[in-house]
1. Against the condition among the small types (Gly, Ala, Ser) and under 14 Å from the mean Cα position of the chain (by Cα), how does Ala5 come out, does it pass?
2. Please indicate, with yes or no, whether at least one residue in the range 126-142 is at pLDDT below 85 and among the charged types (D, E, K, R).
3. Does Thr230 qualify as being farther than 30 Å from Met1 by Cα, at pLDDT 85 or above, buried (at least 18 other Cβ atoms within 10 Å of the Cβ) and not assigned by TED's automatic domain parsing to the domain that holds Leu38?
4. Restricting the search to the range 236-253, which residues are in contact with a strand residue (DSSP E or B) (Cβ under 9 Å, 6 or more places away or on another chain) and either among the aromatic types (Phe, Trp, Tyr) or buried (at least 17 other Cβ atoms within 10 Å of the Cβ) (or both)?
5. Quick one: in the range 271-298, of everything that is surrounded by fewer than 18 Cβ atoms within 10 Å (Cβ to Cβ), assigned to a helix (DSSP H, G or I) and at pLDDT below 90, which residue is nearest to the chain's Cα centre (by Cα)?
6. Hey, Ile207 hits all of (1) surrounded by 14 or more Cβ atoms within 10 Å (Cβ to Cβ); (2) of a type in the set (Val, Ile, Thr); (3) more than 15 Å from Glu34 (Cβ to Cβ) but one; which does it fall short on?
7. Residues being assigned to a helix (DSSP H, G or I) and surrounded by 15 or more Cβ atoms within 10 Å (Cβ to Cβ): count how many of those fall in the range 254-270.
8. Can you go through Arg112, Arg92, Arg137 and tell me which one is under 24 Å from Pro200 (Cβ atoms), in contact with a helix residue (DSSP H, G or I) (Cβ under 9 Å, 6 or more places away or on another chain) and of a type in the set (Lys, Arg)?
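The values are calculated or read from the model by the stated rules, or taken from the named source; none is laboratory data. For clarity, every value in this text was computed on a predicted model and none was experimentally measured. As a convention, Cβ positions derive from the backbone with ideal geometry for all residues, glycine included, and neighbour counts pool all protein chains shown.
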Amino acid sequence: MIAEAAVRLRDNVQKVIVGKGQAIDLALVAILCEGHILIEDVPGIGKTTLARALAASMGTSFKRIQFTPDLLPSDVVGINWFNQKEQRFEFRQGPIMSQVVLADEINRATPRTQSALLEAMQERQVTVDGVSRQVPRPFVVLATQNPIELEGTFPLPEAQLDRFLLRLELGYPEEDEESEILLRHDGQDPLAELEAVTNPEEVMDLIAKRQQVRVDPEVREYVVAIARTTRRHSEIDLGASPRATLALYQASQAWAAIRGRDYVLPDDVKFLAPAVLIHRMVISPQAQLRGRGPQALLIDVISEVPVPVEG
(Lines give C-alpha, C1' and ligand atoms only; values in the text may rest on other atoms or scores of the structure.)
Protein backbone atom coordinates (compact mmCIF):
# COMPACT_ATOMS: atom_id res chain seq x y z
CA MET A 1 0.00 0.00 0.00
CA ILE A 2 2.82 2.42 0.84
CA ALA A 3 4.68 1.58 -2.37
CA GLU A 4 1.55 2.19 -4.45
CA ALA A 5 0.92 5.54 -2.75
CA ALA A 6 4.58 6.50 -3.24
CA VAL A 7 4.30 5.82 -6.97
CA ARG A 8 1.20 8.03 -7.17
CA LEU A 9 2.90 10.85 -5.30
CA ARG A 10 6.18 10.57 -7.22
CA ASP A 11 4.45 10.54 -10.61
CA ASN A 12 2.30 13.52 -9.63
CA VAL A 13 5.24 15.59 -8.37
CA GLN A 14 7.17 14.75 -11.53
CA LYS A 15 4.48 16.48 -13.56
CA VAL A 16 6.13 19.63 -12.21
CA ILE A 17 9.66 18.55 -11.21
CA VAL A 18 11.54 17.09 -14.18
CA GLY A 19 13.66 14.09 -13.16
CA LYS A 20 15.00 14.11 -9.57
CA GLY A 21 13.25 10.81 -8.80
CA GLN A 22 15.69 9.93 -6.00
CA ALA A 23 15.32 13.35 -4.34
CA ILE A 24 11.52 13.02 -4.50
CA ASP A 25 11.71 9.55 -2.96
CA LEU A 26 13.88 10.89 -0.13
CA ALA A 27 11.33 13.64 0.45
CA LEU A 28 8.64 10.93 0.64
CA VAL A 29 10.81 9.12 3.21
CA ALA A 30 10.72 12.25 5.38
CA ILE A 31 6.94 12.53 4.98
CA LEU A 32 6.45 8.86 6.00
CA CYS A 33 8.53 9.56 9.12
CA GLU A 34 6.80 12.92 9.65
CA GLY A 35 10.32 14.34 9.68
CA HIS A 36 11.78 17.55 8.32
CA ILE A 37 13.96 18.25 5.30
CA LEU A 38 16.90 20.62 4.84
CA ILE A 39 17.41 21.39 1.15
CA GLU A 40 20.82 22.96 0.61
CA ASP A 41 21.53 24.04 -2.95
CA VAL A 42 22.01 27.02 -5.24
CA PRO A 43 19.04 29.26 -6.17
CA GLY A 44 16.70 28.48 -9.04
CA ILE A 45 16.80 24.69 -9.16
CA GLY A 46 13.29 23.98 -7.84
CA LYS A 47 13.50 23.86 -4.04
CA THR A 48 10.36 25.95 -3.55
CA THR A 49 8.59 24.19 -6.41
CA LEU A 50 9.29 20.80 -4.83
CA ALA A 51 7.74 21.91 -1.53
CA ARG A 52 4.64 23.32 -3.22
CA ALA A 53 4.24 20.24 -5.44
CA LEU A 54 4.46 17.88 -2.46
CA ALA A 55 1.83 19.89 -0.55
CA ALA A 56 -0.49 20.04 -3.55
CA SER A 57 -0.10 16.30 -4.20
CA MET A 58 -1.01 15.43 -0.59
CA GLY A 59 -3.91 17.87 -0.39
CA THR A 60 -2.37 19.53 2.67
CA SER A 61 -2.28 23.17 3.72
CA PHE A 62 0.89 25.01 2.70
CA LYS A 63 2.57 28.16 4.01
CA ARG A 64 5.83 29.80 3.02
CA ILE A 65 7.95 31.82 5.44
CA GLN A 66 10.56 34.05 3.81
CA PHE A 67 13.31 34.26 6.42
CA THR A 68 15.02 37.66 6.66
CA PRO A 69 17.17 39.30 9.37
CA ASP A 70 14.22 41.39 10.61
CA LEU A 71 11.80 38.44 10.93
CA LEU A 72 10.54 38.03 14.51
CA PRO A 73 9.56 34.82 16.33
CA SER A 74 5.98 36.10 16.52
CA ASP A 75 5.96 36.33 12.72
CA VAL A 76 6.49 32.56 12.71
CA VAL A 77 4.38 31.20 15.57
CA GLY A 78 1.68 33.89 15.88
CA ILE A 79 0.56 36.40 18.52
CA ASN A 80 -2.24 37.12 20.99
CA TRP A 81 -3.99 40.36 20.01
CA PHE A 82 -6.70 42.27 21.81
CA ASN A 83 -10.04 42.30 20.00
CA GLN A 84 -11.58 45.59 21.08
CA LYS A 85 -15.00 44.64 19.76
CA GLU A 86 -15.11 41.42 21.78
CA GLN A 87 -13.03 42.87 24.65
CA ARG A 88 -10.81 39.80 24.84
CA PHE A 89 -7.49 38.48 23.58
CA GLU A 90 -7.52 36.21 20.52
CA PHE A 91 -4.79 34.09 19.04
CA ARG A 92 -3.75 35.00 15.52
CA GLN A 93 -1.84 31.98 14.31
CA GLY A 94 1.41 32.26 12.40
CA PRO A 95 2.36 30.41 9.22
CA ILE A 96 3.92 27.59 11.24
CA MET A 97 0.35 26.38 11.93
CA SER A 98 0.23 24.61 8.59
CA GLN A 99 0.80 21.04 7.47
CA VAL A 100 3.62 21.73 5.01
CA VAL A 101 5.80 24.73 5.87
CA LEU A 102 8.50 26.08 3.58
CA ALA A 103 11.16 27.92 5.60
CA ASP A 104 12.86 29.70 2.72
CA GLU A 105 16.50 30.76 3.25
CA ILE A 106 16.29 29.79 6.90
CA ASN A 107 19.89 30.81 7.59
CA ARG A 108 19.09 34.49 6.88
CA ALA A 109 17.07 34.84 10.10
CA THR A 110 18.61 35.55 13.48
CA PRO A 111 19.19 32.64 15.89
CA ARG A 112 16.29 33.88 18.03
CA THR A 113 13.87 33.52 15.12
CA GLN A 114 15.38 30.23 13.99
CA SER A 115 14.78 28.85 17.49
CA ALA A 116 11.06 29.64 17.14
CA LEU A 117 10.88 26.57 14.89
CA LEU A 118 12.46 24.17 17.37
CA GLU A 119 9.40 23.42 19.50
CA ALA A 120 7.17 22.94 16.48
CA MET A 121 9.68 20.67 14.73
CA GLN A 122 10.25 18.44 17.75
CA GLU A 123 7.04 18.59 19.79
CA ARG A 124 4.59 19.45 16.97
CA GLN A 125 3.22 22.30 19.03
CA VAL A 126 3.81 26.02 19.58
CA THR A 127 3.60 27.87 22.88
CA VAL A 128 2.52 31.52 22.99
CA ASP A 129 2.07 33.32 26.32
CA GLY A 130 2.14 30.02 28.19
CA VAL A 131 -0.55 28.33 26.07
CA SER A 132 0.48 25.38 23.88
CA ARG A 133 -1.34 24.63 20.63
CA GLN A 134 -0.90 21.57 18.45
CA VAL A 135 0.13 22.08 14.83
CA PRO A 136 -2.01 20.32 12.19
CA ARG A 137 -0.80 16.93 11.04
CA PRO A 138 0.90 15.59 9.06
CA PHE A 139 3.47 18.29 9.82
CA VAL A 140 6.61 18.70 7.72
CA VAL A 141 9.06 21.61 7.55
CA LEU A 142 11.10 21.99 4.37
CA ALA A 143 13.90 24.48 4.97
CA THR A 144 16.16 25.84 2.24
CA GLN A 145 19.52 27.51 2.39
CA ASN A 146 22.04 28.69 -0.17
CA PRO A 147 25.49 27.16 0.49
CA ILE A 148 27.28 29.69 -1.73
CA GLU A 149 26.13 33.05 -0.39
CA LEU A 150 27.34 33.44 3.20
CA GLU A 151 27.22 37.21 3.73
CA GLY A 152 24.35 38.24 5.99
CA THR A 153 23.57 34.69 7.08
CA PHE A 154 23.48 33.00 10.49
CA PRO A 155 24.69 29.37 10.47
CA LEU A 156 22.15 26.91 11.84
CA PRO A 157 23.15 25.65 15.31
CA GLU A 158 23.78 21.95 15.79
CA ALA A 159 20.60 21.62 17.90
CA GLN A 160 18.51 22.81 14.95
CA LEU A 161 20.36 20.77 12.34
CA ASP A 162 19.75 17.67 14.47
CA ARG A 163 16.00 18.17 14.08
CA PHE A 164 16.11 17.73 10.32
CA LEU A 165 15.53 14.09 9.43
CA LEU A 166 17.59 14.40 6.28
CA ARG A 167 19.44 16.82 4.03
CA LEU A 168 18.91 16.97 0.27
CA GLU A 169 20.72 18.42 -2.72
CA LEU A 170 18.77 18.67 -5.97
CA GLY A 171 21.60 19.66 -8.32
CA TYR A 172 21.37 21.04 -11.83
CA PRO A 173 19.20 19.16 -14.37
CA GLU A 174 20.66 17.25 -17.28
CA GLU A 175 20.56 18.89 -20.72
CA ASP A 176 17.49 16.98 -21.91
CA GLU A 177 15.74 17.63 -18.58
CA GLU A 178 16.37 21.36 -18.86
CA SER A 179 14.89 21.34 -22.34
CA GLU A 180 11.83 19.49 -20.97
CA ILE A 181 11.45 22.18 -18.29
CA LEU A 182 11.17 24.83 -21.02
CA LEU A 183 8.51 22.81 -22.84
CA ARG A 184 6.41 22.29 -19.71
CA HIS A 185 6.43 26.00 -18.88
CA ASP A 186 5.70 27.15 -22.43
CA GLY A 187 2.51 29.15 -21.94
CA GLN A 188 1.34 27.35 -18.80
CA ASP A 189 2.22 26.69 -15.18
CA PRO A 190 2.10 22.94 -14.47
CA LEU A 191 2.02 23.60 -10.72
CA ALA A 192 -1.23 25.57 -11.02
CA GLU A 193 -2.91 22.53 -12.60
CA LEU A 194 -1.55 19.97 -10.14
CA GLU A 195 -4.27 18.05 -8.31
CA ALA A 196 -4.07 16.05 -5.09
CA VAL A 197 -3.61 12.28 -5.40
CA THR A 198 -4.03 11.58 -1.67
CA ASN A 199 -5.22 13.40 1.45
CA PRO A 200 -3.89 14.14 4.96
CA GLU A 201 -5.88 11.28 6.50
CA GLU A 202 -4.34 8.74 4.13
CA VAL A 203 -0.87 10.19 4.74
CA MET A 204 -1.32 9.70 8.51
CA ASP A 205 -2.42 6.12 7.82
CA LEU A 206 0.70 5.54 5.71
CA ILE A 207 2.85 6.93 8.54
CA ALA A 208 1.29 4.39 10.92
CA LYS A 209 1.88 1.55 8.44
CA ARG A 210 5.54 2.58 8.03
CA GLN A 211 6.04 1.83 11.72
CA GLN A 212 5.06 -1.80 11.06
CA VAL A 213 7.98 -2.44 8.68
CA ARG A 214 10.13 -5.17 10.25
CA VAL A 215 13.69 -4.46 11.35
CA ASP A 216 15.62 -7.58 12.36
CA PRO A 217 17.78 -7.33 15.50
CA GLU A 218 20.98 -7.62 13.42
CA VAL A 219 19.95 -4.68 11.23
CA ARG A 220 18.91 -2.66 14.27
CA GLU A 221 22.32 -3.27 15.83
CA TYR A 222 23.91 -2.24 12.52
CA VAL A 223 22.14 1.14 12.71
CA VAL A 224 23.35 1.63 16.28
CA ALA A 225 26.90 0.60 15.40
CA ILE A 226 27.15 3.17 12.58
CA ALA A 227 25.92 5.97 14.83
CA ARG A 228 28.24 5.03 17.69
CA THR A 229 31.24 4.74 15.37
CA THR A 230 30.78 8.35 14.27
CA ARG A 231 31.22 9.36 17.94
CA ARG A 232 34.49 7.46 18.26
CA HIS A 233 36.10 8.60 15.01
CA SER A 234 39.25 10.65 15.65
CA GLU A 235 38.45 13.18 12.91
CA ILE A 236 34.82 13.80 13.95
CA ASP A 237 34.39 16.22 16.85
CA LEU A 238 30.63 15.68 17.12
CA GLY A 239 29.08 12.42 15.98
CA ALA A 240 25.50 11.28 15.50
CA SER A 241 23.12 11.80 18.42
CA PRO A 242 20.56 9.23 19.63
CA ARG A 243 17.99 11.33 17.72
CA ALA A 244 20.07 10.70 14.59
CA THR A 245 20.12 6.96 15.33
CA LEU A 246 16.32 6.96 15.55
CA ALA A 247 16.09 9.02 12.36
CA LEU A 248 18.24 6.51 10.44
CA TYR A 249 16.16 3.62 11.80
CA GLN A 250 12.83 5.21 10.82
CA ALA A 251 14.10 6.42 7.44
CA SER A 252 15.27 2.89 6.63
CA GLN A 253 11.76 1.59 7.38
CA ALA A 254 10.26 4.21 5.06
CA TRP A 255 12.74 3.49 2.26
CA ALA A 256 12.02 -0.23 2.45
CA ALA A 257 8.27 0.45 2.35
CA ILE A 258 8.62 2.71 -0.70
CA ARG A 259 10.53 -0.11 -2.39
CA GLY A 260 7.62 -2.49 -1.71
CA ARG A 261 9.20 -4.46 1.14
CA ASP A 262 7.94 -5.06 4.67
CA TYR A 263 11.48 -5.54 6.03
CA VAL A 264 14.66 -3.45 6.12
CA LEU A 265 17.93 -4.51 4.48
CA PRO A 266 21.43 -3.35 5.53
CA ASP A 267 21.69 -1.75 2.07
CA ASP A 268 18.77 0.53 3.00
CA VAL A 269 20.72 1.75 6.01
CA LYS A 270 23.92 2.28 4.00
CA PHE A 271 22.08 4.19 1.27
CA LEU A 272 20.33 6.55 3.69
CA ALA A 273 23.24 7.16 6.07
CA PRO A 274 24.70 10.13 4.11
CA ALA A 275 21.36 11.97 3.83
CA VAL A 276 20.53 11.38 7.51
CA LEU A 277 23.92 11.75 9.23
CA ILE A 278 26.24 14.09 7.33
CA HIS A 279 24.57 17.37 8.29
CA ARG A 280 24.68 16.34 11.97
CA MET A 281 28.44 15.67 12.06
CA VAL A 282 31.03 18.28 13.06
CA ILE A 283 34.42 17.63 11.47
CA SER A 284 37.63 18.39 13.34
CA PRO A 285 39.76 21.34 12.14
CA GLN A 286 42.64 18.97 11.40
CA ALA A 287 40.43 16.92 9.06
CA GLN A 288 39.28 20.08 7.29
CA LEU A 289 42.89 21.21 6.79
CA ARG A 290 43.64 17.85 5.18
CA GLY A 291 40.66 18.27 2.86
CA ARG A 292 38.69 15.49 4.52
CA GLY A 293 34.98 16.25 4.25
CA PRO A 294 32.06 14.64 6.09
CA GLN A 295 31.21 12.47 3.06
CA ALA A 296 34.65 10.85 3.07
CA LEU A 297 34.62 10.39 6.84
CA LEU A 298 31.19 8.76 6.77
CA ILE A 299 32.46 6.34 4.09
CA ASP A 300 35.26 5.46 6.54
CA VAL A 301 32.71 4.87 9.29
CA ILE A 302 30.48 2.65 7.15
CA SER A 303 33.45 0.60 5.90
CA GLU A 304 34.58 0.08 9.50
CA VAL A 305 31.25 -1.38 10.67
CA PRO A 306 30.68 -5.05 9.71
CA VAL A 307 27.60 -5.56 7.58
CA PRO A 308 25.19 -8.16 8.99
CA VAL A 309 24.68 -11.16 6.74
CA GLU A 310 21.81 -13.63 6.68
CA GLY A 311 22.39 -16.67 8.83
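1. On the way: among the small types (Gly, Ala, Ser): yes; under 14 Å from the mean Cα position of the chain (by Cα): no.
When the stated conditions are applied, Ala5 does not pass them.
2. yes
3. Values: farther than 30 Å from Met1 by Cα: yes; at pLDDT 85 or above: yes; buried (at least 18 other Cβ atoms within 10 Å of the Cβ): yes; not assigned by TED's automatic domain parsing to the domain that holds Leu38: yes.
Yes: the conditions hold for Thr230.
4. Going through the range 236-253, the residues in contact with a strand residue (DSSP E or B) (Cβ under 9 Å, 6 or more places away or on another chain) turn out to be 236-239, 247, 251, 253.
Those that are in contact with a strand residue (DSSP E or B) (Cβ under 9 Å, 6 or more places away or on another chain) and either among the aromatic types (Phe, Trp, Tyr) or buried (at least 17 other Cβ atoms within 10 Å of the Cβ) (or both): Ile236, Gly239, Ala247, Ala251, Gln253.
5. Gln295
6. (3)
7. Keep residues of the range 254-270 that are assigned to a helix (DSSP H, G or I), which gives 254-258, 266-270.
Those still in the list that are surrounded by 15 or more Cβ atoms within 10 Å (Cβ to Cβ) too: 254-258, 266, 268-270.
Summing the residues that are assigned to a helix (DSSP H, G or I) and surrounded by 15 or more Cβ atoms within 10 Å (Cβ to Cβ) in the range 254-270 gives 9.
8. Working: Arg112 fails: under 24 Å from Pro200 (Cβ atoms); Arg92 fails: in contact with a helix residue (DSSP H, G or I) (Cβ under 9 Å, 6 or more places away or on another chain).
None of the others qualify; the one that does is Arg137.
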